[in-house]
């Protein structure tokens, strides 16, 4: 099987279920941004990080593939059985955040992205996650999206923020906070 089909040469692509849509369609933007996020999380998992973090990130990548499959499916015509996204997937993110939060100093100000290369990458992933969430919200407003998808992306951006703080701490880096100019 060749990777190229030439079917998209005119600017359209196929959804799961066979429907052809513009590559500029909000659905394509939504799952394309989730794919971008997944790639960035793959980069995070390649950094010098704790093995538990790496395992969490790989599990998150699996969930993002699940989300991508749901977003890539035509809700009217898809007959394929898609993998499940569950409430427990969101609860797992919350648990991982709680465990990391117990080891972090209390948050008293906005944290500037950076501090350490690992943390900076986690902040970029958080921003990509927020963009993916905005795209999915737009798709939801137009066509409807499973509520768990929105909840997962929202919680994932929180997780990535807490992860960035933990990565800074693990590397002994100083978190720089924002002090507004008066």
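Each value in this text was obtained by applying a stated rule to the coordinates, not by laboratory testing. All values reported here derive from a predicted model rather than from experimental measurement. Neighbour counts are summed over all protein chains in view; Cβ atoms, including those assigned to glycine, are modelled from backbone coordinates with ideal geometry.
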Just to confirm the number: angle between the C-alpha axis of helix 87-101 and the first principal axis of the chain, 0 to 90 degrees, nearest 10? 20 degrees
How much length would be gained if the chain were fully extended between residue 176 and residue 65, taking 0.36 nm per residue of separation minus their Cα-Cα distance, in nm to one decimal? 36.6 nm
Angle between the Cα long axis of helix 26-45 and the longest principal axis of the chain, 0 to 90 degrees, nearest 10? 40 degrees
Burial ranking of peptide ranges 5-11, 126-132 (average Cβ count within 10 Å, highest at the top): 126-132, 5-11
Angle, helix 117-143 long axis vs. longest principal axis of the chain, Cα atoms, 0 to 90°, nearest 10? 40 degrees
Can you give the extra length, in nm with one decimal, that the chain gains between residue 134 and residue 91 once fully stretched, where that is 0.36 nm per residue apart less the Cα-Cα distance? 13.3 nm
So what's the chain giving for Cα Rg divided by 2.2 N^0.38 Å, two decimals? 1.14
Assuming R0 = 41 Å, can you tell me the calculated FRET efficiency for the pair residue 106 and residue 151, based on Cβ-Cβ distance, to the nearest 0.05? 0.95
Exposure-ranked with fewest Cβ neighbours within 10 Å first, 176, 123, 95 stand as 95, 176, 123
By the mean-Cβ-within-10 Å protection proxy, highest first, 25-33, 77-85 rank as 25-33, 77-85
Running Debye on the range 47-134 with equal point scatterers at the Cα sites and no solvent, what base-10 log of I(q)/I(0) appears at q = 0.12, 0.16, 0.18, 0.26 Å⁻¹? -0.51, -0.85, -1.03, -1.55
Efficiency by 1/(1 + (r/R0)^6): what FRET value for residue 3 and residue 158, r their Cβ-Cβ distance, R0 = 35 Å, to the nearest 0.05? 0.45
Express in nm, to one decimal, how much length is gained between residue 127 and residue 80 on full extension, taking 0.36 nm for each residue of separation and deducting their alpha carbon distance. 13.8 nm
